[in-house]
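A.B. asks: Okay, here's the structure, questions in a sec.
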DNA sequence: TATTAGTGTAACATATAAATTACATAAAGG
DNA sequence: CCTTTATGTAATTTATATGTTACACTAATA
C-alpha cells in the first residue's frame, strides 16, 4: 500500500502530529499509513487530501500491477 | 459518503454481484457502498476503480464542503 | 550532558468494515 | 403462475483500522 502521503505532508510543511491533528487521527496512524503498513478508510484518505491540498489520485493512486489485462486508463 | 460507483458500474455493464466478484467482496458490500452507507478501505476503492476503469478522483472524490478554512473538520 | 522534537513500533482495547446468512421486493421470462 | 435475476436490508460474526499507552532511537539545541 504505497502512497505519497509523506511527500505531500512535507511539501505543506506539516509534522506527522500536525497532520494527524488536522485530520483527526493519532500520529501513529499517520506513521503507519506513510510506511505503507496499512489500508486507510476512504474518509481518512479524503481528509488527508484536504489537509495537504491534493487529490486522491495525486496522493493515493496506484497503477494496477501487471497480470491484469489492462484496458488503458487515461 | 456519496460516490459514483453505481454510475461507473452501470457504464461498464456490471451487476453488483459481478463487480463484487471482480473485486473480491460480497454483493452486500457493493450495495452498501453505492448507497453511501459506509466508508470503504482504500484498497477496495482501488479495486473498484480498476474494475470500472476509472480513477479514484473520478469515482470517489468529494469536494471539501465550505468551511474549508482548515479549522475543525469533523 | 540532558532535553526536546520528530519519528518508528509494539501490545492491547475499541470501533467499524466486511463476511455470512437470511429474508424481502420487483421485474423479466418460461 | 413460477422461477430466476438484480437489488435492498437486517442480524450476527469476524477481520482489521484506529486509539491508547508506552518505549525506543536520532538529531538538534540549550
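A.B. asks: Can you tell me which residue is nearest to DNA strand D (Cβ to nearest atom) among those in the stretch A:1-35 that are within 14 Å of residue B:42 (Cα to Cα) and within 9 Å of the chain's Cα centre (by Cα)?
C.D. replies: A:33
A.B. asks: One residue is enough: does the stretch B:46-57 have a residue meeting the conditions away from DNA strand D (no atom under 13 Å from the Cβ), modelled with pLDDT of 95 or more and at positive phi?
C.D. replies: Yes, the stretch B:46-57 contains at least one residue that is away from DNA strand D (no atom under 13 Å from the Cβ), modelled with pLDDT of 95 or more and at positive phi.
A.B. asks: How about the stretch A:36-51: which of its residues are under 22 Å from residue B:44 (Cα atoms) and assigned to a helix (DSSP H, G or I)?
C.D. replies: So in the stretch A:36-51, the residues under 22 Å from residue B:44 (Cα atoms) come out as A:36-50.
Listed by number, the residues that qualify are A:42, A:43, A:44, A:45, A:46, A:47, A:48, A:49, A:50.
A.B. asks: Starting from residues that are at the interface with chain A (Cβ under 10 Å from one of its Cβ atoms), touching a residue at least 24 places away in the same chain (Cβ under 8 Å) and more than 8 Å from DNA strand C (Cβ to nearest atom), keep the ones in the stretch B:1-48 and report whichever is surrounded by the most Cβ atoms within 10 Å (Cβ to Cβ). Before the answer, list the steps.
C.D. replies: Start the filter on the stretch B:1-48 by keeping residues that are at the interface with chain A (Cβ under 10 Å from one of its Cβ atoms), which leaves B:1, B:3, B:12, B:33, B:38-47.
From what is left, the residues that are touching a residue at least 24 places away in the same chain (Cβ under 8 Å) are B:1, B:3, B:12, B:33, B:38-39, B:47.
Now drop any that are not more than 8 Å from DNA strand C (Cβ to nearest atom), which leaves B:1, B:3, B:12, B:47.
On the way: B:1: 16, B:3: 20, B:12: 14, B:47: 18.
Step by step, filter the stretch B:1-48, then rank; the result is B:3.
The values are calculated or read from the model by the stated rules, or taken from the named source; none is laboratory data. Given the structure is predicted, the values throughout are model-derived calculations rather than measurements. Neighbour counts run over all protein chains shown; Cβ positions are idealised from the backbone, glycine included.
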